Amino acid sequence: MQIEGLTENDVRLLEELLQARGPSGDEREVREVCHRALEPICDETWDDAAGNLIGLVKATSPKRDPLSIVAHMDEIAMIVKRIEEDGTLKVTNLGGVRPMSFGQCAVDILADKQHLTGALSLGSLHRTGKSAEMQHIRDHGVDWGDVFVLTGLTPEELGAAGVHPGTRVVLSRVERHLVEVGKCLGAHFMDDRALLLSGIIAMRRLRERRSELNRDVYYVCSVKEEVTNSGAQFAAHSLPGNQMIAIEVGPVAQEYQTWLTEQPIISFGDQKGLYSPDLIDEIRETMAMEGIRPQLALLEFFASDASASEASGLKPQTAVICIPTQNTHGFEVIHKGAIDTMARVLVRHLTR
């Protein structure tokens, strides 16, 4: 598979990131992939006390205060609420996900002692209104109270494997393949694996252009963005500098006048507050230098690690740059050129 601006190794890394499972609070597999990619290209890499992975590239002669770039490692997922007598699992959402985001599909149950395969189910569809639960679904749609995970095991067998309330359940690896959709790419969890890759590529290019780098750059691969933003907020508190840029997926929607292209979205605000006009202006100037025309938007039903960090008073100057994404929190589709375009923007901004 060829993707604009990416090497074969970059494409393989994207596929590896998509296959890695990273429910909020258990991002170990994703962290391991990111660590292997960042360690050879950063001056320093470390895990902080919150579980974030941080890579640092130092400027030879810094002229400005340090800046943090943040992309999150976690993904939307499920968490076990209880084990039923028939061995099925009642689950609820971990992050902003609805059952329709996954459909009836294979899942991986990340038990303490072994990982099991299950099936997310709402039961057989060939039922009439005489089945009360089927009538409820037809009248009101599907929500978490309507679905369960089939395991094929007894409660005793599940307990022996280490399944319990709090166990994470994720989309199975068999459902995580990257596919070409015309001029686009499709996969579950482009949010935020495509952006993790953009950040890694940018850090590699910044290391190669260290003499042009105008400041030290901290790349934060954050945890728990989908639930609390606590990882990024801890990093915002502990890392130097006043500026943080989140790189994210952004919704494609007529109401926002955003389109499925490689041109990044810059949002002026979201559910957690407003971003910093001065920093946004700098980024817009950067894009103009690269011949990139940003899509300007106000993403009302949205939030990022950066807006959460500014809202909590931890970073006074923040911005978010988004890859336009169709089907957010589902089978997500992005333009083939968007990953490289994001990396170009970051590199130009930090070397101008």
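The values are calculated or read from the model by the stated rules, or taken from the named source; none is laboratory data. As the structure is a prediction and not an experimental result, all values here were calculated from the model. Note: ideal-geometry Cβ built from the backbone for every residue, glycine included; neighbour counts use all protein chains shown.
A few comments on the model shown:
- His177 being touching a residue at least 60 places away in the same chain (Cβ under 8 Å) and farther than 24 Å from Cys34 by Cα: no
- Of the residues making up segment 197-244, those that are closer than 20 Å to Gly22 by Cβ, hydrophobic (A, V, I, L, M, F, W, C) and out of contact with any His (no Cβ under 8 Å at 6 or more places or on another chain) are Leu197, Ile200, Ile201, Met203, Val220, Val227, Phe234, Ala235.
- The one condition in (1) in a helix (DSSP H, G or I); (2) under 14 Å from the mean Cα position of the chain (by Cα) that Glu226 fails to fulfil: (1)
- Residue list for segment 156-174, restricted to those being of a type outside the set (A, V, I, L, M) and surrounded by fewer than 17 Cβ atoms within 10 Å (Cβ to Cβ): Glu156, Glu157, Gly159, Gly162, His164, Pro165, Gly166, Arg173
- Exactly one residue among Leu6, Leu67, Leu56 is over 23 Å from Leu158 (Cα atoms), of a type outside the set (S, T, N, Q), modelled with pLDDT of 95 or more and touching a Cys at 6+ places or on another chain (Cβ under 9 Å), and that residue is Leu56.
For (1) in contact with a Cys (Cβ under 8 Å, 6 or more places away or on another chain); (2) hydrophobic (A, V, I, L, M, F, W, C); (3) farther than 26 Å from Leu120 by Cβ, each residue gets a yes or a no:
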site	(1), (2), (3)
Glu156	no, no, no
Glu175	yes, no, no
Gly182	no, no, yes
Ala187	no, yes, no
Ala194	no, yes, no
Arg205	no, no, yes
Arg209	no, no, yes
Glu212	no, no, yes
Thr228	no, no, no
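- Note on segment 201-232: among residues that are polar (S, T, N, Q) and out of contact with any strand residue (DSSP E or B) (no Cβ under 6 Å at 6 or more places or on another chain), the one that is surrounded by the fewest Cβ atoms within 10 Å (Cβ to Cβ) is Ser211.
- Among the residues making up segment 22-59, those that are in a helix (DSSP H, G or I) and either among the β-branched types (Val, Ile, Thr) or not assigned by TED's automatic domain parsing to the domain that holds Ser222 (or both) are Val30, Val33.
- Scanning segment 3-21 for residues that are in a loop (DSSP other than H, G, I, E, B) and in contact with a helix residue (DSSP H, G or I) (Cβ under 8 Å, 6 or more places away or on another chain) yields Ile3, Glu4, Gly5, Leu6, Ala20, Arg21.
- In segment 134-161, residue modelled with the lowest pLDDT [restricted to those that are in a loop (DSSP other than H, G, I, E, B) and in contact with a strand residue (DSSP E or B) (Cβ under 9 Å, 6 or more places away or on another chain)]: Val147
Each row is one residue, and each column tells you yes or no for (1) among the polar types (S, T, N, Q); (2) closer than 25 Å to Lys336 by Cα.
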| position | (1), (2) |
| --- | --- |
| Leu17 | no, yes |
| Ala20 | no, yes |
| Ile54 | no, no |
| Glu84 | no, no |
| Leu89 | no, no |
| Ser101 | yes, yes |
| Cys105 | no, no |
| Leu116 | no, no |
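- Some residue of segment 187-202 being within 19 Å of Ile334 (Cα to Cα) and assigned to a strand (DSSP E or B): yes
Per-residue answers, yes or no, for (1) in a strand (DSSP E or B); (2) not assigned by TED's automatic domain parsing to the domain that holds Leu197:
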site	(1), (2)
Ala71	yes, no
Asp86	no, yes
Lys90	yes, yes
Val97	no, yes
Met100	no, yes
Val107	yes, yes
Gly118	yes, yes
